[in-house]
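The values are calculated or read from the model by the stated rules, or taken from the named source; none is laboratory data. Note that this is a predicted model, so its numbers are computed, not measured. For neighbour counting, all protein chains shown are included, and Cβ atoms are generated from backbone atoms with ideal geometry for every residue, glycine included.
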Amino acid sequence: MKVVVAGERPFVEGIGRLCTQAGYDVVLYLVEDFNTAVQSGWAMADAANADIAIELHNESAAAKEELLVSLAASVPRDALLLTSALATSTTQAAAWVPRPERVVGFGVVPPLQREGIVELATGLQTSQDALQQAMAFARQLHQEPVLVADGPGLVRARVICCLINEAASALLEGVATAADIDKAMKLGANYPFGPLEWGDYIGLDTVLGTLTGLFNEWGEDRYRPSPLLRRMVAARKLGRKTGEGFYNYPKGD
């Protein structure tokens, strides 16, 4: 089976690695590369025989819509479409494409590991057949599929991004240094990563996109992004993928 993956780091690399390990024929595109490939016709050729397309963009709803529409137009009409349901709901994403019944919400949080879990969410348009295909695909990746309610963030990203946001607010208010905030949560709460370190790994643009989606959906202050997080994304200090976030990283890290 052939899988086409388009989106942003580190999601693309993580899903691509799992697909390769599972024996799929996989083609990977970063967002900017996919848009170029669509204009040149390369993407259409790569995706012409795809069985599954995975869209992994979380920075903004507008950019996500553009990518998903292009991806849906590049693959066969009956191909399964998995959309990252962090910045938008599955229902909203499905409304952007023809045959919305083939769209299933898909949720992962980096770092991705073998024998992990994948959250799946059905939109109001999603067919039972598409859901069963998505569950079978997750199991092929050695991930346990977990069905959750539709809505931005799903479960893990919703909770983790809120934690990162609170840590960013604590840093802005001078409660502690970034290193001490992370140390407190790793040693004091047994977290696998400090929240600011985790935000840098996921990508602060993804964190902001998820929080914005949650805030737009629910209108509650608990989802309002920290001013520091907004400023860092505006400055393109996105974490590991740009070399600077709450911490600095060597090039190529």
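For the stretch 1-22, the set of residues classified as touching a residue at least 24 places away in the same chain (Cβ under 8 Å), closer than 19 Å to SER70 by Cβ and either over 11 Å from the mean Cα position of the chain (by Cα) or not assigned by TED's automatic domain parsing to the domain that holds LEU68 (or both) consists of LYS2, VAL3, VAL4, VAL5, listed by residue number. Taking the conditions (1) at positive phi; (2) touching a residue at least 12 places away in the same chain (Cβ under 8 Å) in turn, GLY41 satisfies each one other than (2). Taking the criterion of being surrounded by fewer than 21 Cβ atoms within 10 Å (Cβ to Cβ) and of a type in the set (A, V, I, L, M, F, W, C), the residues of the stretch 172-216 that qualify are LEU172, VAL175, ALA176, ALA178, ALA179, ALA184, MET185, LEU187, ALA189, PHE193, PHE215.
Is it the case that the stretch 64-76 has a residue that's under 21 Å from GLY239 (Cα atoms) and touching a residue at least 12 places away in the same chain (Cβ under 8 Å)? Scanning the stretch 64-76, I find at least one residue that is under 21 Å from GLY239 (Cα atoms) and touching a residue at least 12 places away in the same chain (Cβ under 8 Å), so the answer is yes. Out of everything in the stretch 80-99 that is polar (S, T, N, Q) and not in a helix (DSSP H, G or I), what residue ends up being farthest from ALA136 (Cα to Cα)? Looking at the filtered set, the residue picked out is THR88.
The set of residues from the stretch 193-236 being more than 21 Å from VAL175 (Cα to Cα), among the aromatic types (Phe, Trp, Tyr) and touching a residue at least 40 places away in the same chain (Cβ under 8 Å) comprises just one member, TYR201. For the stretch 100-117, the set of residues classified as over 16 Å from the mean Cα position of the chain (by Cα) and part of a loop (DSSP other than H, G, I, E, B) consists of ARG114, GLU115, listed by residue number. Here GLY41 fulfils each of the conditions (1) crowded, with 24+ Cβ neighbours inside 10 Å; (2) more than 21 Å from the chain's Cα centre (by Cα) apart from (1). All of (1) among the aliphatic types (A, V, I, L, M); (2) more than 20 Å from ASN58 (Cβ to Cβ); (3) surrounded by fewer than 21 Cβ atoms within 10 Å (Cβ to Cβ); (4) touching a helix residue (DSSP H, G or I) at 6+ places or on another chain (Cβ under 7 Å) hold for ILE160 with one exception: (2). With respect to ALA50, determine if the residue is buried (at least 21 other Cβ atoms within 10 Å of the Cβ), among the hydrophobic types (A, V, I, L, M, F, W, C) and modelled with pLDDT under 95. For ALA50, the condition - buried (at least 21 other Cβ atoms within 10 Å of the Cβ), among the hydrophobic types (A, V, I, L, M, F, W, C) and modelled with pLDDT under 95 - is met. Is it fair to say ALA95 is buried (at least 22 other Cβ atoms within 10 Å of the Cβ), outside the structural domain of THR212 (by TED's automatic domain parsing) and modelled with pLDDT of 90 or more? Answer is no for this residue. Does ARG9 count as basic (Lys, Arg) and closer than 26 Å to TYR201 by Cβ? Spelling it out, ARG9 is indeed basic (Lys, Arg) and closer than 26 Å to TYR201 by Cβ. Return yes or no: is GLU66 surrounded by 20 or more Cβ atoms within 10 Å (Cβ to Cβ) and of a type in the set (Asp, Glu)? So GLU66 fails the test.
In the stretch 118-142, the residue that is surrounded by the fewest Cβ atoms within 10 Å (Cβ to Cβ) out of those that are assigned to a helix (DSSP H, G or I) and small (Gly, Ala, Ser) is ALA136.
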